[in-house]
Amino acid sequence: MTVCSRSMIGSSWSLVSSFALSALGCLALGGLALGCGGTTTPRVGTGPVGAERPPYVACENPSEVRLAPHVCWNPTGSRWHVTTQAPGGELTFELELMAGGRVRSTDDAAGGPATDEWFVQEDVVRIFLQNRYVEYRGQLTNGSLLVGDVTNVRGDIWDFRAERRHGGSCAAGEFTTSEAGDPACYSAAGSRWNVSARGSSFTVELGSGGTLTSNLSSDTTTGNDRWEQAGNEVHLRFDDGAAVYDATLSAGLDRLEGSGHDASGTFTFTAQPVQSYPPPFR
């Protein structure tokens, strides 16, 4: 396999790496040529290089992975234990594929749902960790094993293996979107929304630690805007509370709706998510 440097994102799975690079050159991932001529299709997993796979039949739900001809499975809410022999040494950590494409991982104390993301692309689960420093690309077996390749921004490539773990709970304030099996937790951290109110719109980003940024022309003072989440309730506070937006998150995580108030009076508003990856992913 050949390589060139690129930016990646990661995830929280149980991984074991035993893959050595045999050549240097150019690697194109996700169908994009990255700083090198031409495009190639990366190898995923530990099968022989050049081995042809049968055509993949997508599931009706783009968030699901087809495990068998008549079986589709959604990885949302699944938890994984990861051990990998990365270039810097052996690494073991826990990974959770949260609702809304967010990731909770223990591989980096500075990471979390505000920076880490995942999505499904055909039969490959792509996980981006450490603010896109590293990406895990793996194929699922029976919904309990994830095997594939890891790439970091320096162009290093190695294999990983992740084993599924069960149990766990959502963190305080997070929205539990499923009552059956493992809870599918949702944190609004890292999400972006296009807010429509009073005939105009603006974009907000809900950052880590409750930081809130926007492109509101009237919002000129930085550092005094905050957000917080309590289950399916999301609250935005601009200019130390001079403008307040209180919203309810839809069960599908695709809409915020509520009311607000400022010096001009009260109003209603709606908000639609701004996707990190333009759907459909396939």
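Inside region 134-147, can you point out the residues that are part of a strand (DSSP E or B), surrounded by fewer than 19 Cβ atoms within 10 Å (Cβ to Cβ) and hydroxyl-bearing (S, T, Y)?
Scanning region 134-147 gives a single hit, T141.
Residues of region 71-108 being of a type in the set (S, T, Y) and closer than 25 Å to S208 by Cα, which ones? If you could, list the steps in order and put the result at the bottom.
Here is the first cut: in region 71-108, the residues of a type in the set (S, T, Y) are 76, 78, 83-84, 92, 105-106.
Answer for region 71-108, where residues must be of a type in the set (S, T, Y) and closer than 25 Å to S208 by Cα: T76, S78, T92, S105, T106.
So, E135, is that one closer than 18 Å to E174 by Cα, of a type outside the set (G, A, S) and either at pLDDT below 90 or not assigned by TED's automatic domain parsing to the domain that holds N232 (or both) or not?
On the way: closer than 18 Å to E174 by Cα: no; of a type outside the set (G, A, S): yes; either at pLDDT below 90 or not assigned by TED's automatic domain parsing to the domain that holds N232 (or both): yes.
Spelling it out, it is not the case that E135 is closer than 18 Å to E174 by Cα, of a type outside the set (G, A, S) and either at pLDDT below 90 or not assigned by TED's automatic domain parsing to the domain that holds N232 (or both).
Do we find that R79 is closer than 14 Å to G138 by Cα and either in the same structural domain as V120 (by TED's automatic domain parsing) or at pLDDT below 90 (or both) in this structure?
Values: closer than 14 Å to G138 by Cα: no; either in the same structural domain as V120 (by TED's automatic domain parsing) or at pLDDT below 90 (or both): yes.
Judged against the criteria, R79 is not a match.
If you go through region 94-120, how many residues are among the charged types (D, E, K, R), assigned to a strand (DSSP E or B) and farther than 14 Å from A171 by Cα? Show your work before the answer.
Restricting attention to region 94-120, the residues satisfying the condition of being among the charged types (D, E, K, R) are 94, 96, 102, 104, 107-108, 116-117.
Keeping just the survivors that are assigned to a strand (DSSP E or B) gives 94, 96, 102, 104, 117.
Subsequent filtering for residues that are farther than 14 Å from A171 by Cα retains 94, 117.
Adding up the residues that qualify gives 2.
Please determine, by comparing only the residues of region 59-75 that are among the aliphatic types (A, V, I, L, M) and in contact (Cβ under 8 Å) with a residue 40 or more places away in the chain, which one is surrounded by the fewest Cβ atoms within 10 Å (Cβ to Cβ).
From region 59-75, those among the aliphatic types (A, V, I, L, M) are 65, 67-68, 71; that's our starting set.
From what is left, the residues that are in contact (Cβ under 8 Å) with a residue 40 or more places away in the chain are 65, 67.
Details: V65: 22, L67: 16.
So the residue we want is L67.
Would you check if there is a residue in region 108-120 being surrounded by fewer than 22 Cβ atoms within 10 Å (Cβ to Cβ), in contact with a Phe, Trp or Tyr (Cβ under 8 Å, 6 or more places away or on another chain) and within 26 Å of Q272 (Cβ to Cβ)?
Checked region 108-120: at least one residue is surrounded by fewer than 22 Cβ atoms within 10 Å (Cβ to Cβ), in contact with a Phe, Trp or Tyr (Cβ under 8 Å, 6 or more places away or on another chain) and within 26 Å of Q272 (Cβ to Cβ).
Conditions (1) outside the structural domain of M98 (by TED's automatic domain parsing); (2) closer than 16 Å to V204 by Cβ; (3) at pLDDT 90 or above; (4) under 26 Å from the mean Cα position of the chain (by Cα), marked per residue:
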position: G223; (1), (2), (3), (4): yes, yes, no, yes
position: W227; (1), (2), (3), (4): yes, yes, yes, yes
position: A243; (1), (2), (3), (4): yes, yes, yes, no
position: A247; (1), (2), (3), (4): yes, yes, yes, yes
position: H261; (1), (2), (3), (4): yes, no, yes, no
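Kindly check whether there is at least one residue in region 66-89 that is within 21 Å of Q275 (Cα to Cα) and among the aromatic types (F, W, Y).
Looking only at region 66-89, we keep the residues that are within 21 Å of Q275 (Cα to Cα), and these are 74-77.
From the residues that got through so far, the ones that are among the aromatic types (F, W, Y) too are none.
Within region 66-89 (the criterion being within 21 Å of Q275 (Cα to Cα) and among the aromatic types (F, W, Y)), the answer is no, since none of the residues qualifies.
The values are calculated or read from the model by the stated rules, or taken from the named source; none is laboratory data. Bear in mind that the values here come from a model prediction, so they are computed numbers and not experimental data. Reconstructed Cβ throughout: ideal geometry from the backbone, glycine too, with neighbour counts over all protein chains shown.
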